[in-house]
Amino acid sequence: EAGVTQFPSHSVIEKGQTVTLRCDPISGHDNLYWYRRVMGKEIKFLLHFVKESKQDESGMPNNRFLAERTGGTYSTLKVQPAELEDSGVYFCASSRIDTDTQYFGPGTRLTVL
Amino acid sequence: GQQLNQSPQSMFIQEGEDVSMNCTSSSIFNTWLWYKQDPGEGPVLLIALYKAGELTSNGRLTAQFGTTRKDSFLNISASIPSDVGIYFCASLQRGGSEKLVFGKGTKLTVNP
């Protein structure tokens, strides 16, 4: 069974540019989560999808961040326009609807210059 | 929001030594989880604890759920070089989204 995959693995962009991160959850996992770790800090929750619906987006920093999960399969997280403080590692995780165990992807390291 | 205070921040040990790290919180949690992150990978669940006082082992790893439900520790016995990585404590914040709350992590370096 393939794990959670994320693309790209690294992204270096300039302040003001747009970046779109993609997450492919484990097949059959209805729950999809986005988290972010800023250097030296804890991993923080951003938002949670159940299928294509946003269950909780209380962790989204501001309206420069837009997450979608059209069709309830893969998800994208767009940052527009990117700011310096958006740098960090963005993790995606997925889980089955009936379990607590979340499986994490390898993350996308975003660097905003 | 709820915070998990994890210590130590980093550890440098010799191969074969035992390691201990812990997490505390001012809030009560019903679940304690321990994850490990290898370089270039995402966090992987090592041990899950669901009951106060519970002591659970996974190979050379042992974790306990504190009786006050506000703390947990993770021990690694007879460390080996592949134990290198960042260890995170975490808990489930229930109430709709069941999102994870993480500690800041303990970076472990094992010298052969």
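Values as computed for the structure displayed
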| quantity | calculated |
| --- | --- |
| Relative contact order [Cα under 8 Å, 6+ residues apart], chain B, whole percent | 36 |
| Coordinate range along principal axes, alpha carbons of chain B, Å, largest first | 44, 29, 21 |
| Partners for A:Lys54 among aspartates and glutamates (Cα-Cα distance below 12 Å; same-chain residues under 8 apart left out) | A:Asp30, A:Glu68 |
| Inter-chain shielding of A:35-46 (mean C-beta neighbours from other protein chains, 10 Å cut-off) | 5 |
| Cα pair distances exceeding 24 angstrom across the protein assembly as shown, given as percent | 44 |
| Rounded, prolate or oblate (a/c below 1.5 giving rounded, otherwise prolate when a/b exceeds b/c) for chain A by Cα gyration tensor | prolate |
| Net charge dipole size for chain A [Lys, Arg +1 and Asp, Glu -1 on Cβ; Debye, nearest 20] | 240 |
| Net dipole in debye of segment B:5-110 [+1 Lys, Arg Cβ; -1 Asp, Glu Cβ; about Cα centre; nearest 20] | 460 |
| Amide H partners (placed H, <5 Å) of B:Lys99, local residues excluded | B:Gln93 |
| Test item: Cα-centred dipole of the protein assembly as shown, Lys/Arg +1 and Asp/Glu -1 on Cβ, debye | 420 |
| Mean-position separation - Cα centroids, segment A:79-113 and segment B:1-78, in angstrom | 22 |
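Read-outs: derived from the displayed coordinates by stated rules, not from any lab. All values reported here derive from a predicted model rather than from experimental measurement. Using ideal geometry, Cβ is built from the backbone for each residue, glycine included, and neighbour counts are taken over all protein chains shown.
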